[in-house]
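**Student:** Here you go, one structure.
The values are calculated or read from the model by the stated rules, or taken from the named source; none is laboratory data. Because the structure is a prediction, the values reported are computed rather than measured. Don't worry about glycine lacking a Cβ; one is built from the backbone with ideal geometry, like all the others, and counts go over all protein chains shown.
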Amino acid sequence: MERIKEMETAMTAWETLQAFCSAWFERRSAEETSLFLDNEFCFVGTGEDEFAHSLQEMKEYIAKDIREIPEPFSVTLTLFQEQRIHDEVYNLSAWMNLKNSQYCWRLRGFFTLVGGRGGWRLRTLWFSEPGVSQQGGEHYPQTLVVENLARQRQELLGDSLPGGMMGGYIEEGFPFYFINSRMLKYLGYSGEAEFVSDIGGMVSNCMHPDDRAAVDAEVARQIAERGEYVVEYRMKKQNGSYIWVHDLGRRITAENGMPAIISVCLDITAQKTAQAEVMHLYNNVPGAVFRVRYDDTFTVADASDGLYELLGYTREEFAALGNRMASVVYPGDLDAVRKKLLADRGRGDTIRDEHRLVCKNGKIKWISLKAQLMSGDDGERYFYGVFVDVTDEKLAQKRAGELYEKELAYFVQAASAEGSIQGRVNITQDRVESYHSTEAAAITQKGETYEKAIGKLAAAASEPEYGKYLRTALDRVNVVAEFAAGKNNYDFEYLRKRKDGGIFWSRTNFRFYQNPESGDLIAFFYTSDVTEQKIQRQLLSKVTELDYELLSDIDIRNDTYHVVSSHPGAEGMMPEKGRFQAEAVKIAVSFMDEDAAQEYLTKLDPEYMKRELDGHGSYNFMTQTRDEHGAVRVKRYQVFYISRELERVCIARTDVTDIIRQEQQQKEALAAALTAAEQANAAKTDFLSRMSHEIRTPMNAIIGMSAIAAQAVGNDEQVAECISKIGISSRFLLSLINDILDMSRIESGKMLLKNEKIPTEDFLNGLNAICYSQAASKGVDYECIADPTLDDVYTGDAMKLQQVLLNILSNAIKFTGEGGKVTFSAMVRRKVRNMAGLRFTVNDNGIGIGEDFLRHMFEPFAQESMGTTALYGGTGLGLAISKSIVDMMGGTITVRSIKGIGSEFTVDVELGITEEEMRRRNRKKENPNFSALKTLVVDDDVTVCESAMVTLKEMGIIAEWVDSGQKAIGRVQELCGLGRYFDMILIDWKMPEMDGIETARRIRAMAGPEVTIIIMTAYDWAAIEHEARSAGVNLLMSKPMFKSSLVSAFSRVLGEKEEKEAENKPEIYDFTGRRVLLVEDNAINTEVATVVLESRGFTVDTAENGLRAIEMFSKSEAGFYDAILMDIRMPLMDGLTAAKNIRHLTNRDAGTVPIIAMTANAFDDDIEKSKAAGMNAHLAKPIEPERLFQVLYHFILGQ
């Protein structure tokens, strides 16, 4: 600081000003600059709001200036005025130029310094810029007006041009000087600052890096020469892409006095692209595009790359020849070319010529030239033209001429042969020039048109379709077009008609050539009769195809082959010709295993073939191959000499797979037939042996019992016992005979299937009625489980299906010991349209079946062992018959078994769905609302419980289940303690530990009369009905439970709960003098009903079945019976059938007598069936006496 103060003391005012500017602008030191300022400093800048009224404000201004632009400036001060006011005050005026990498200013500064000998301080500072709108000494800015007009014109012009204006100082890199808004907008910049920043302040940086050096040098050169320049280069836009610009500029002096350039830049990208495309096209035109001077050496002024590529010279090498085309024209052609091209021609004359050129490598090439004589910009005349290489065409023309002459000679020679059919047609002139033929085969004549000749040729074809093909193939336009494309030969082999009606095989050949003299297209055609050759070939081909899949001619000496005939599609085919041993190896590797390949190659080895053929004349062998699917094929090879001298051999291959397979199958079939015959004989022998024993046993019993009965006449008890045993033996004998007859009908195909309605419940109950009694007699537990989704009715052969299931169920019960269990289930497997797939499954825990016998168990007469037959009986036909019936139904029967554990038989059959059932499904059936009935199911079989739960849920009932009587009692007791009760309890009769009746008795004692208890049983409940009712049971139901049965029972219970108890006493009915016919097969039920009816005055007649009822009613007088009470299910004839028959009797009251149905199941369909049979009413068992009397009163006395 002291040094600066010393300097200030010694410095003049001008030196102080220079030091001040150096501290501020060159050293950019705010602190040092502030030392030159007076305390009463005042500053006015060039900006509208740029000023400082105190030393502190000026310090802040200087600090801000340095922060914003820290880069130093170079400062040039030029004093143009100084004024000394007195010794301590000095006014100075100076030009100040400031410049760094980003800015360049020229300012006028006005400074007031105060002080004197003690040092100078700046009191005031004022910066200004010269007015650019005033030129020289103008007092008023007239220049502004002129410039505005010029600017408007320039803007108008600029807006219409793709580009704008810009400028730079003439220094290295051309520092930025100027850019107009039009250019900024065109390049995509938002403002000048963005552009300057993007180019780093250097105009050169807006050029493509590859162009900068060359452009900078070219601009410098042109500016130096004439003060202006024109260049083209790639300019960068704001988005990084480049455009081609045409830059036209000149040197100027900028406002700051520095040399600069300003230029107009126009976007020429489109023109450049077009030029590139033209140049690409120019250099890729076939041949050459050129411009040569109109002189005797034909100097090349310009040419495309094609010229140099054709000649084989580079541009430099050709330039060394003086760029003279005359130096490469074939010497023999040069004089003619000069004469033709240099003749006196006018401007625009077109010249065409063909001549030869000599290439660099010495080869001669023909060119076809087309050129025009034109005047250039310099007034000199030039040939502008193109030429193409026509060497190949010239050679082709020469070859075509030679071929034409050769064909013409052949034509002349062939014309002299006897029976020749040939012709020559000028296609161009459309006429037959020559024709030779026999009279019978002639189709044209000299002078006819080509089209007419071809039409006759086509008409001569015996097959019209082939004639159309000939006409199309030889169409004049078609053959001309195909000749141009290179096709000149046509062959036809077809059946052709003669004029006398005969037919022969014709081979016709058309060959087309161009006449080298006239240029006309000429067709030569020849026809030969090849009937004999064709027949021979066809005969050979047919024989070969029948006998061989491959016929080859082998040349052993040269190891070559030729395929004479082959069968398409066979594996291991060979190409038409080739090297034989190599092809043999290829076939062996591709289609044979190692052993077969070794034998195949050995047998076809050249030395082996010669040795075998020399010794035997021929030999054959067989080998195995594999086709593309891996299947084994057997091939037979025959090898024999065609010519021993030439070592030519024929190999014939035949596929004998089918023959070998047939032989093998015949052997296997014979062996199988023998085995089957032996097995059948053994089976029949065994069967006859068993049958003799099985039939002899009941026959012996029948004969013996008959003899005993005859001796015991008078002893009724002994006679009755003998007759009973005779009946049992007779039925057994009948079943044996029926099985044998069924098997016979099946084997002869005489067994037919019916298609009838099968009521599901009746069908299953019928099976269960038989099986329950069989199982009970053996002490076997039998259970039937029915799928809740089973339809009510199906269609099929009920009797045959029952036969199948009864056979399997009877076997299951037969082969299950006492204490065992047999389970029969029926379920819906699937439903499709009008068909349903049902699955019947029979499980037992009996003796089981051995694994070895499982494969034979469905064979006729098959039984596992004689011990089984002796112990259990049977013919061995039952399962065979069942399997055959199921097969006829389109179903399946399968079995799984473990010896000593048990068996499971599964029968899958397809049954039809009736139209009524399909309509019922589609109807929304309105069932009663059972949601208020809380239900408990009690059964030791969990499967039965779960099935019942599904059915009850579908009915809308809240239900639960337990698997024992003890648990049921516990559950009821638990609810009673809560003051709640079950509405319905369904209890199985037979359960371990505590049966259903005992369970019902205990529950009734706890729950009182409100709960409805129903016993479920698969057995006849007549024997337990009294005990059950005594225990408090309300209803008895058959198992398996069907939805319709449950709906009927629950509806009745619901109705009873909703009825109010009548306050008055029950009515007393008196039927004295009335007679009813009671039809009931159960003796106890008959006895009970008789007592009840007689208690109200009825006279009761009884019948044990429907047949007996018909007999009794038919013999009675009209009005003898007031009503008939008819049980539905009875032996011999059921109630429905009996009712129908009674309604059709001739008795006068047959149609009016009331018939009332009685059944254990009150299903809706049972009621409908009863009404359809002619019954008047339907009562469900057990029958309430009051309800019975109400119905009888209604029909007898009420009406």
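**Student:** Is it the case, given these coordinates, that THR76 is assigned by TED's automatic domain parsing to the domain that holds THR33, without any contact (Cβ under 8 Å) to a residue 40 or more places away in the chain and under 27 Å from GLY167 (Cα atoms)?
**Tutor:** yes
**Student:** Anything in segment 972-989 that is surrounded by 15 or more Cβ atoms within 10 Å (Cβ to Cβ) and either of a type outside the set (Ser, Thr, Tyr) or outside the structural domain of LYS1039 (by TED's automatic domain parsing) (or both)? List them, or say none.
**Tutor:** Passing the criteria: VAL972, LEU975, CYS976, PHE982, ASP983, MET984, ILE985, LEU986, ILE987, ASP988, TRP989.
**Student:** Scan segment 983-1037 residue by residue and report those that are closer than 16 Å to ALA1180 by Cβ and among the hydroxyl-bearing types (Ser, Thr, Tyr).
**Tutor:** Scanning segment 983-1037 gives a single hit, THR1012.
**Student:** Any residue that is out of contact with any helix residue (DSSP H, G or I) (no Cβ under 6 Å at 6 or more places or on another chain), of a type in the set (Gly, Ala, Ser) and part of a helix (DSSP H, G or I) - is there at least one of those in segment 1116-1134?
**Tutor:** Checking segment 1116-1134: not a single residue is out of contact with any helix residue (DSSP H, G or I) (no Cβ under 6 Å at 6 or more places or on another chain), of a type in the set (Gly, Ala, Ser) and part of a helix (DSSP H, G or I).
**Student:** Only one of GLU465, GLU448 is acidic (Asp, Glu), modelled with pLDDT of 90 or more, assigned by TED's automatic domain parsing to the domain that holds PHE510 and closer than 21 Å to GLN422 by Cβ. Can you tell me which?
**Tutor:** GLU448
**Student:** Another question about this same structure. Working only within segment 1120-1142, note down all residues that are aliphatic (A, V, I, L, M) and either out of contact with any strand residue (DSSP E or B) (no Cβ under 6 Å at 6 or more places or on another chain) or within 11 Å of ASN1105 (Cα to Cα) (or both). Show your work before the answer.
**Tutor:** Filtering segment 1120-1142 for residues aliphatic (A, V, I, L, M) gives 1123-1126, 1128, 1130, 1132-1133, 1136, 1138-1139, 1142.
Scanning segment 1120-1142 gives MET1126, ILE1128, MET1130, LEU1132, MET1133, LEU1136, ALA1138, ILE1142.
**Student:** Condition first: buried (at least 18 other Cβ atoms within 10 Å of the Cβ), at pLDDT 85 or above and of a type in the set (Gly, Ala, Ser). Now tell me which residues in segment 1009-1052 satisfy that.
**Tutor:** ALA1028, ALA1031, GLY1032
**Student:** To continue, here is another question. Please verify whether segment 41-49 includes one or more residues that are free of Cβ contacts under 8 Å to residues at least 60 places away in the same chain and touching a helix residue (DSSP H, G or I) at 6+ places or on another chain (Cβ under 9 Å).
**Tutor:** Looking for residues that are free of Cβ contacts under 8 Å to residues at least 60 places away in the same chain and touching a helix residue (DSSP H, G or I) at 6+ places or on another chain (Cβ under 9 Å), one finds none in segment 41-49, hence no.
**Student:** I'd like to check something: does segment 127-144 contain any residue that is surrounded by 14 or more Cβ atoms within 10 Å (Cβ to Cβ), of a type in the set (Val, Ile, Thr) and at pLDDT below 85?
**Tutor:** yes
**Student:** Quick check on segment 63-104: of everything there that is among the aliphatic types (A, V, I, L, M) and assigned to a helix (DSSP H, G or I), which residue is nearest to the chain's Cα centre (by Cα)?
**Tutor:** Among those residues, the one meeting the criterion is ILE66.
**Student:** When only residues in segment 440-454 that are touching a Lys or Arg at 6+ places or on another chain (Cβ under 7 Å) and surrounded by fewer than 18 Cβ atoms within 10 Å (Cβ to Cβ) count, which is farthest from LEU474 (Cα to Cα)?
**Tutor:** ALA440
**Student:** When segment 438-460 is examined, which residues are found to be more than 13 Å from LEU470 (Cβ to Cβ) and in a loop (DSSP other than H, G, I, E, B)?
**Tutor:** THR438, GLU439, ALA440, ALA441, ALA442, THR444, GLN445, LYS446, GLY447, GLU448, THR449
**Student:** Just checking, how many residues over segment 323-369 are surrounded by fewer than 12 Cβ atoms within 10 Å (Cβ to Cβ) and among the small types (Gly, Ala, Ser)?
**Tutor:** The number of residues fulfilling the criteria is 5.
**Student:** Which one is modelled with the lowest pLDDT among residues in segment 922-947 that are surrounded by fewer than 21 Cβ atoms within 10 Å (Cβ to Cβ) and among the aliphatic types (A, V, I, L, M)?
**Tutor:** Filtering first and then ranking leaves ALA932.
**Student:** Right, another one. Of the numbered conditions (1) surrounded by fewer than 18 Cβ atoms within 10 Å (Cβ to Cβ); (2) farther than 19 Å from LEU373 by Cβ, LEU310 fails exactly one; give the number of that condition.
**Tutor:** Failing condition for LEU310: (1).
**Student:** Quick one: would you say ALA1118 is small (Gly, Ala, Ser) and under 29 Å from ILE1015 (Cα atoms)?
**Tutor:** No, not satisfied.
**Student:** Pull out all pairs, ordered by first then second residue, where Cβ-Cβ is under 6 Å, the residues are six or more apart or on different chains, the first lies in segment 698-725 and is over 25 Å from ILE737 (Cβ atoms), and the second is modelled with pLDDT of 80 or more and in a helix (DSSP H, G or I).
**Tutor:** ALA712/VAL719; VAL719/ALA709
**Student:** How many residues does segment 763-797 hold that are charged (D, E, K, R) and closer than 30 Å to GLU916 by Cβ?
**Tutor:** Within segment 763-797, the first condition is being charged (D, E, K, R), and the residues that meet it are 778, 781, 783, 787, 791-792, 797.
Within this subset, residues satisfying the condition of being closer than 30 Å to GLU916 by Cβ are 787, 791-792, 797.
Adding up the residues that qualify gives 4.
**Student:** What is the residue count in segment 223-281 for residues that are outside any strand (DSSP E or B) and touching a residue at least 24 places away in the same chain (Cβ under 8 Å)? Before the answer, list the steps.
**Tutor:** Going residue by residue through segment 223-281, those that are outside any strand (DSSP E or B) are 223-227, 237-241, 254-258, 268-281.
Going one step further and asking which of them are touching a residue at least 24 places away in the same chain (Cβ under 8 Å), we end up with 223, 227, 237-239, 254-258, 268-269, 271-272.
Count: 14.
**Student:** Another question about this same structure. How many residues, within segment 1167-1182, are part of a loop (DSSP other than H, G, I, E, B) and under 60 Å from the mean Cα position of the chain (by Cα)?
**Tutor:** Summing the residues that are part of a loop (DSSP other than H, G, I, E, B) and under 60 Å from the mean Cα position of the chain (by Cα) in segment 1167-1182 gives 1.
**Student:** Give segment 1068-1094 a look and list any residue that's of a type in the set (D, E, K, R), in contact (Cβ under 8 Å) with a residue 40 or more places away in the chain and over 14 Å from TYR1193 (Cα atoms), or say none. Let's see the steps before the verdict.
**Tutor:** Applying the first criterion (of a type in the set (D, E, K, R)) to segment 1068-1094 yields 1070, 1074-1075, 1080-1081, 1087, 1094.
In the following step, the residues that additionally are in contact (Cβ under 8 Å) with a residue 40 or more places away in the chain were identified as 1074-1075, 1080-1081.
Matches in segment 1068-1094: GLU1080, ASP1081.
**Student:** Oh, and also: (1) part of a loop (DSSP other than H, G, I, E, B); (2) in contact with a Cys (Cβ under 7 Å, 6 or more places away or on another chain): which one isn't true of ARG980, the others all being true?
**Tutor:** (2)
**Student:** Restricting attention to segment 991-1001, does a residue exist that is of a type in the set (D, E, K, R), at pLDDT below 90 and closer than 26 Å to GLY779 by Cβ?
**Tutor:** yes
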